[in-house]
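See below for the structure under consideration.
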Amino acid sequence: MASLSDTSVNRSARPKRRWNLRAHVWRIVLILSFLFVSNRVVLSLVGAVNRYLGLIKVIFLVYPGSDEMYRRYSYFGMRDWARWRPTLIGVFDQQGSWGLMFAVAATEKNFEGRDAPRRLQRLYARMESIRKIIGAEEVRFAGVLPGRLSAHGVAVQEAEVDSAMAAMARGEAMVREQEHMDLETPVIVLDANTFVGQKLLRQLAGRNVYPVEGNRLGAGAVNKEAWPAHLAGKPALLLNVARTRTPAAYLDLLWDSVVILNEAYPQPARPVLEQFAARQCRFYHLAGAAGTAYPDFPWPYTDAVPCCAARINNDTELVVRKLV
């Protein structure tokens, strides 16, 4: 297991936003990728080279978790055109395993629309086609995409979840060490009835765990009946692996000795983190495995490859950032 000295666990300052010519140039480059690079002819050339060198192992698909994140990559006028079309936006290297990053402009709201089943099935087929053209070993999907694909009948692999669970097992141990918590410290698992939540519960078997299932009213609704209110005032570790919006829904129920470890994509927005700070809660974000991306992933994933894209084992160096 990696020691704390091998990871980023101290309070991590957010880089200052820079709106400059370089940002506009990068957006234009990605528009050119959308128009001229992300097609079968160019990708076939990349695939021919990769079959000779064998470097590219993973094809990774991301989507914008916020308007701010989308703005980093493109202009809003392009959104309708790029909503469901995968566009090559970069490459990453994690322990010598290279991957290609693709993105769509669709949001989580689009994944729940009436036409979502058809759109998602076509998106999955497109990504599998790209994988075969490139000669990569697997396709990885960011955020809620694996769950949404599975819900609509697409038989996806569980590589993203397996990587996230491997990282979470080590990440929570690292945070406990940093916060001087032992194995007897109560662990609260949010959205425990989700696919990934159930996997996490099995991983924590034998620990002092309090599962909080998602409210039947939907994402973002508080399940007060399942909340372990009797723990109030005691040290507790709160784990979130399913939906990034969920921890904020429970803000009013938290106390100052609660430590949050979030793995869900993306990280909470700055105003939400400030609310955690106001309650004197510590908030850690599991960014992923140490790696290099070109261009770098947006904060707080800089200098890391997200868990859903990384290949993680007991020797993998992790990046855990303390945001509050």
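The values are calculated or read from the model by the stated rules, or taken from the named source; none is laboratory data. Just so we're clear, the structure is a prediction, and the values are computed from it rather than from any experiment. Ideal geometry is used to build each Cβ from the backbone, glycine not excepted, and the neighbour counts take in all protein chains shown.
Total residues in segment 302-324 satisfying the condition of being of a type in the set (S, T, N, Q) and part of a strand (DSSP E or B): the figure is 0. Scanning segment 147-165 for residues that are in a helix (DSSP H, G or I) and either within 19 Å of Ala105 (Cβ to Cβ) or free of Cβ contacts under 8 Å to residues at least 24 places away in the same chain (or both) turns up Arg148, Leu149, Ala151, Ala159, Asp162. Out of Gly143, Gly171, one residue alone is in contact (Cβ under 8 Å) with a residue 60 or more places away in the chain and in the same structural domain as Val104 (by TED's automatic domain parsing). It is Gly143.
The number of residues in segment 79-104 being more than 25 Å from Leu45 (Cβ to Cβ) and not acidic (Asp, Glu) comes to 3. Look at segment 265-286: where a residue is at pLDDT 95 or above and a partner is among the acidic types (Asp, Glu), sitting 6+ places away or on another chain with Cβ atoms under 6 Å, you get Gln280/Asp256; Leu286/Glu263.
Only one of the numbered conditions (1) modelled with pLDDT under 95; (2) surrounded by fewer than 19 Cβ atoms within 10 Å (Cβ to Cβ); (3) assigned to a loop (DSSP other than H, G, I, E, B) is not met by Trp255, and that is (1).
Summed over segment 166-184, residues that are over 20 Å from the mean Cα position of the chain (by Cα) and either crowded, with 19+ Cβ neighbours inside 10 Å or not in a loop (DSSP other than H, G, I, E, B) (or both) total 4. Taken over segment 174-200, the criterion of being farther than 24 Å from Gly214 by Cα and touching a residue at least 12 places away in the same chain (Cβ under 8 Å) is satisfied by Met174, Val175, Arg176, Glu177, Gln178, Glu179, Met181, Leu183, Glu184. So for segment 201-221 (the condition being touching a residue at least 60 places away in the same chain (Cβ under 8 Å) and assigned to a helix (DSSP H, G or I)), does at least one residue qualify? No, segment 201-221 contains no residue that is touching a residue at least 60 places away in the same chain (Cβ under 8 Å) and assigned to a helix (DSSP H, G or I).
Out of curiosity, is Val196 of a type in the set (A, V, I, L, M) and in contact with a strand residue (DSSP E or B) (Cβ under 7 Å, 6 or more places away or on another chain)? It is false that Val196 is of a type in the set (A, V, I, L, M) and in contact with a strand residue (DSSP E or B) (Cβ under 7 Å, 6 or more places away or on another chain). Looking only at segment 174-181, decide whether some residue is farther than 20 Å from Ile59 by Cα, β-branched (Val, Ile, Thr) and out of contact with any Ser or Thr (no Cβ under 6 Å at 6 or more places or on another chain). Yes: one or more hits. Taken over segment 90-107, the criterion of being touching a Leu at 6+ places or on another chain (Cβ under 9 Å), assigned to a loop (DSSP other than H, G, I, E, B) and surrounded by fewer than 18 Cβ atoms within 10 Å (Cβ to Cβ) is satisfied by Gly96 alone.
Residues checked against (1) crowded, with 24+ Cβ neighbours inside 10 Å; (2) touching a Ser or Thr at 6+ places or on another chain (Cβ under 9 Å):
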| site | (1), (2) |
| --- | --- |
| Thr246 | yes, no |
| Leu251 | no, no |
| Cys281 | no, yes |
| Ala287 | yes, yes |
| Arg311 | no, yes |
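Under the condition of being part of a loop (DSSP other than H, G, I, E, B) and within 26 Å of Arg40 (Cβ to Cβ), the residues counted in segment 130-146 number 4.
The residue of segment 118-156 that is nearest to the chain's Cα centre (by Cα), among those that are among the β-branched types (Val, Ile, Thr) and modelled with pLDDT under 90, is Val144. Would a scan of segment 17-29 turn up a residue that is over 26 Å from the mean Cα position of the chain (by Cα), part of a helix (DSSP H, G or I) and modelled with pLDDT of 70 or more? No.
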